[in-house]
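Handing you this structure, nothing more for now.
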Amino acid sequence: MNRKPCLFFILSLLSACLLSAGFLFPHCGGFALIGFIPLLWMDRIASRDNQRHFFWWHYLTFVLWNAFTTFWVCNATVAGGIAAILANAFQMSVIWALFRLFKRRFKGSLPYIFLSCAWIAWERFYFGAEISWPWLTLGNAFAQSHSCVQWYELTGTIGGSLWIWICNLGIFGLSVALQEGKWAGFNGKARFASVAALALAIAGPLAASWIRYATLTEESDGQMKVCLLQPNLDPYQKFQVLSQTEQDEVIAGLIEAERQSADSSEVILFVAPEAITNDMVLNRPGDSRTAYSFRKAIAAIPYANMLFGASTYEFYMQEEAPSYTARPAGDGIWYENHNSAVMIDNSPRMEFYHKSRLVIGTEKMPYPRITRGIENALGGNLLGHCIGQDEVSLLNVVKRDSLTSSIPVGCAVCYESIYPEHFASYVAAGAKAMTVITNDAWWGDTPGYKQHLSYSRLRAIETRRDIARSANTGISAFINQRGDIVSSTSWWERCSLDGKINLNGHITPFVEYGDVTGRLCTMLFLLLAFALGVNIITRRRVR
């Protein structure tokens with residue numbers, strides 16, 4: 001009886017479980033430091049025995065990992081969820097297949113350096129790709145173990161990906177040396193150096209992070225009061241059960257409850273979730289009944305500002321479509337739509353930011369020049385057509401009688417909070433605090449909304465900014481500069497949450513220099529890929 005398939009399945013399942021643990025359970029990020037070891041051993045056994053069709057084994061590992069951690073996408077769209085799991089796992093498997101190709105032509109540790117650099121280069125590319133789903137970036141495994149990665153202010157999340165690879169490859173290399181008997185041939189100094197280097201690679205970042213976490217003094221140039229509004233509107237039922245006016249009244253009611261305790265001399269920012277209205281036309285934003293309702297609600301609070309999410313529209317009267325994503329409204333009229341963040345106060349002022357990191361399928365039509373024709377042939381309106389900004393812009397919290405002393409804040413709309421460099425760009429532009437507005441209700445009571453919340457903790461560390469996060473059905477929360485959740489709401493509860501956030505202008509190395517780790521690993525990957533290409537070409541010529 002061939003027991004190898006059974007062994008491979010056990011190793012595949014073990015790797016998937018270890019890699020998933022940090023994404024699913026608090027304080028389990030450390031399992032990622034050994035998550036690839038079962039897969040590396042499975043690969044070694046397959047190479048030793050000239051195992052064919054091994055691609056399907058590592059593909060199984062990555063399918064299981066993706067399924068364990070992101071199955072909840074199927075709550076919103078079954079087809080989209082399955083496609084995301086299979087496609088993301090396939091990309092991971094392509095990297096592993098390239099590693100195996102490299103290993104057939106180069107010996108020693110170089111193939112493993114190629115593997116880690118190729119993986120990180122893919123993660124970095126994925127952040128800016130037209131079709132982007134970087135939810136399982138390796139460094140995100142520590143989102144619920146944030147005290148272990150305070151050094152993300154230097155490297156960003158991809159620094160955590162590199163750490164995971166260094167630890168996995170170091171432990172795997174030591175286990176290979178023991179299994180093959182090479183360890184017995186090492187002298188005392190070599191053994192000590194090997195163990196010490198591995199211990200330093202694992203414990204060094206942990207110790208540095210814990211010290212930084214314990215000694216960090218939060219930067220503050222003042223504070224601002226914020227009230228997070230959580231209307232708890234079921235996205236699958238709200239338009240059938242409640243009209244837009246009734247939904248606005250829910251939020252206005254939460255504001256009215258806050259008015260009783262508001263300090264008339266203090267600036268307060270109300271933050272409401274993503275896309276809570278769809279009645280705003282950018283050609284005539286002042287006509288929005290929702291904006292009027294909210295202004296009326298905050299009118300009794302002298303220094304109140306309100307930030308909320310809206311599906312906004314812009315209309316064009318012309319014969320030809322103004323863009324590939326524009327849709328016809330009839331009679332020579334076209335419209336474009338945005339997922340926007342809107343800032344208002346007691347004056348007629350309105351500021352807009354249009355979400356630029358858009359969700360594939362529901363918000364964004366990838367490669368519109370190509371896909372628009374296909375979509376039209378299939379009947380049209382199959383994919384989202386939102387248009388985002390090319391660059392981030394800030395929203396300003398002001399006093400009614402002092403427009404010159406505004407407080408610039410950034411607003412990451414939902415999906416944007418998982419992109420480290422994009423999030424940091426708000427801070428680079430001058431944001432003194434950050435907000436996140438989102439609607440995670442589409443996924444139901446699953447790990448999805450908890451993972452999304454935890455990623456904001458990493459963004460707080462990378463930028464050292466306080467974050468005020470408003471989520472439609474939860475979890476809304478205040479997060480400090482260490483990544484701690486200072487206070488939060490419960491899931492599926494209509495409520496508001498008061499707090500104060502620190503304002504500061506400090507710039508971290510990650511904000512200033514960006515993803516240096518990812519750029520260096522990408523450069524090394526390209527050099528090694530070039531060497532692989534040269535090797536393949538020269539061998540063919542020799543033959």
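The values are calculated or read from the model by the stated rules, or taken from the named source; none is laboratory data. What you are looking at is a predicted structure, and each value in this text was computed from that prediction instead of being measured. Using ideal geometry, Cβ is built from the backbone for each residue, glycine included, and neighbour counts are taken over all protein chains shown. Note: areas computed on protein heavy atoms with side chains; ligands, DNA, RNA excluded. Shrake-Rupley method; radii C 1.70, N 1.55, O 1.52, S 1.80 Å.
Explain nothing, just compute: Karplus ³J(HN,Hα) = 6.51 cos²θ - 1.76 cosθ + 1.60, θ = phi - 60°, for every residue of the stretch 497-505 in order, whole Hz, x for Gly and Pro.
My calculation for the stretch 497-505 gives 9, 8, x, 10, 10, 6, 10, 7, x Hz in order.
Taking only protein heavy atoms and a 1.4 Å probe, what accessible area per residue, in Å², does the chain have with all protein chains in place?
Value for the chain: 43 Å² per residue.
Related question: So what is the calculated 222 nm ellipticity per residue for the chain, using -39500 (n - 2.57) for each DSSP H run with n of 4 or more, over all residues, to the nearest 500 deg cm²/dmol?
The per-residue figure over the chain is -15000 deg cm²/dmol.
Hey, what's the per residue convex hull volume over the C-alpha atoms of the stretch 1-103, in cubic angstrom?
Dividing the Cα hull volume of the stretch 1-103 by its residue count gives 106 Å³.
Please express the Cα-Cα pair-distance distribution P(r) of the stretch 223-313 as a list of whole percents, one per 10 Å bin, running from 0 to the bin with the greatest distance.
16, 49, 29, 6, 0
Along the Cα-to-Cβ line of residue 529, 7 Å from the Cα, sits a label point; which residues in the stretch 74-116 have backbone N less than 16 Å from it?
From the stretch 74-116, the list is 91-103, 113-116.
Sort 28-35, 285-292 for me by packing, meaning the mean count of neighbouring Cβ atoms within 10 Å per residue, highest on top.
My ranking of the peptides, most packed first, is 28-35, 285-292.
At 0.36 nm per residue, and after removing the present C-alpha to C-alpha distance, how many nm does the segment from residue 182 to residue 318 gain when stretched out fully?
My answer for the length gained is 41.4 nm.
Please compute the alpha carbon radius of gyration of the stretch 47-182, then divide it by the globular-protein estimate 2.2 N^0.38 Å. Two decimals is fine.
Normalised Rg, Cα atoms only: 1.16.
I would also like to ask the following. By how many degrees, 0 to 90 and rounded to 10, does the Cα axis of helix 110-128 deviate from the longest principal axis of the chain?
The angle comes out near 10 degrees.
Mind listing the Cα extents of the stretch 405-467 along all three principal axes, in Å, largest one first?
If we take the Cα atoms of the stretch 405-467, the spans are 41, 21, 16 Å.
Based on the mean of other beta carbon atoms within 10 Å per residue, what is the order of 72-78, 141-147, 210-216, 52-58, most packed first?
Sorting 72-78, 141-147, 210-216, 52-58 by mean packing, highest first, produces 141-147, 72-78, 52-58, 210-216.
Using the C-alpha atoms of the stretch 479-539, what convex hull volume per residue, in cubic angstrom, is computed?
Cα convex hull per residue, to the nearest whole number: 158 Å³.
Oh, and also: Taking a quarter of the surface of the convex hull around the Cα atoms of the stretch 145-261, what do you get in nm²?
Across all orientations, the stretch 145-261 yields a mean hull projection of 14.2 nm².
Next question. In nm, what is the difference between 0.36 nm times the number of residues separating residue 396 and residue 243 and their Cα-Cα distance?
That pair, residue 396 and residue 243, stretches by 52.1 nm at full extension.
OK, next. Within the chain, what is the number of lysine pairs with alpha carbons under 17 Å apart, leaving out pairs fewer than eight places apart on the same chain?
Summing the qualifying lysine pairs gives 9.
Between residue 166 and residue 9, how many nm apart are label points set 7 Å from Cα along the C-beta direction?
3.8 nm
Please state the charge dipole magnitude for the stretch 233-330, taken about the Cα centre, from unit charges on C-beta atoms (+1 on K and R, -1 on D and E), reported in debye and rounded to the nearest 20.
120 debye
Could you run the Debye sum over the Cα atoms of the chain, one equal point scatterer each and no solvent, and tell me log10 of I(q)/I(0) at q = 0.05, 0.06, 0.11 Å⁻¹, two decimals?
For the chain, the Cα-only Debye profile gives -0.23, -0.33, -1.01.
Oh, and also: Provide the gained length on full extension for the span residue 79 to residue 53, in nm with one decimal, where the gain is 0.36 nm per separating residue minus the Cα-Cα distance.
In short, 6.6 nm is gained.
What is the angle, in °, between the Cα long axis of helix 78-103 and the longest principal axis of the Cα atoms in the chain? Nearest 10 is fine, range 0 to 90.
Roughly 30 degrees between the two axes.
Please give the per residue volume of the convex hull enclosing the alpha carbon atoms of the stretch 1-54, rounded to a whole number of Å³.
69 Å³
Put a dot 7 Å past each Cα toward the Cβ at residue 507 and residue 197; how far apart are the dots in nm?
Here the answer is 3.7 nm between the modelled labels.
Show me 428-440, 184-196, 119-131 ranked by packing, highest mean number of other Cβ atoms within 10 Å first.
Listed from highest to lowest mean packing, they are 428-440, 119-131, 184-196.
Could I ask something else about it? Calculate the translational D of the stretch 411-543 in whole µm² s⁻¹ from Stokes-Einstein, where the hydrodynamic radius comes from the Kirkwood formula applied to all Cα pairs, the temperature is 4 °C and the viscosity 1.567 mPa s.
77 µm²/s
Given bins 10 angstrom wide, list per bin the percent of all Cα-Cα distances in the stretch 133-194, short to long.
Final binned percentages: 20, 36, 21, 21, 2.
So for the stretch 447-497, averaging the separation of alpha carbon pairs under 8 Å that are six or more residues apart and normalising by length, what relative contact order in percent results?
Value for the stretch 447-497: 29 percent.
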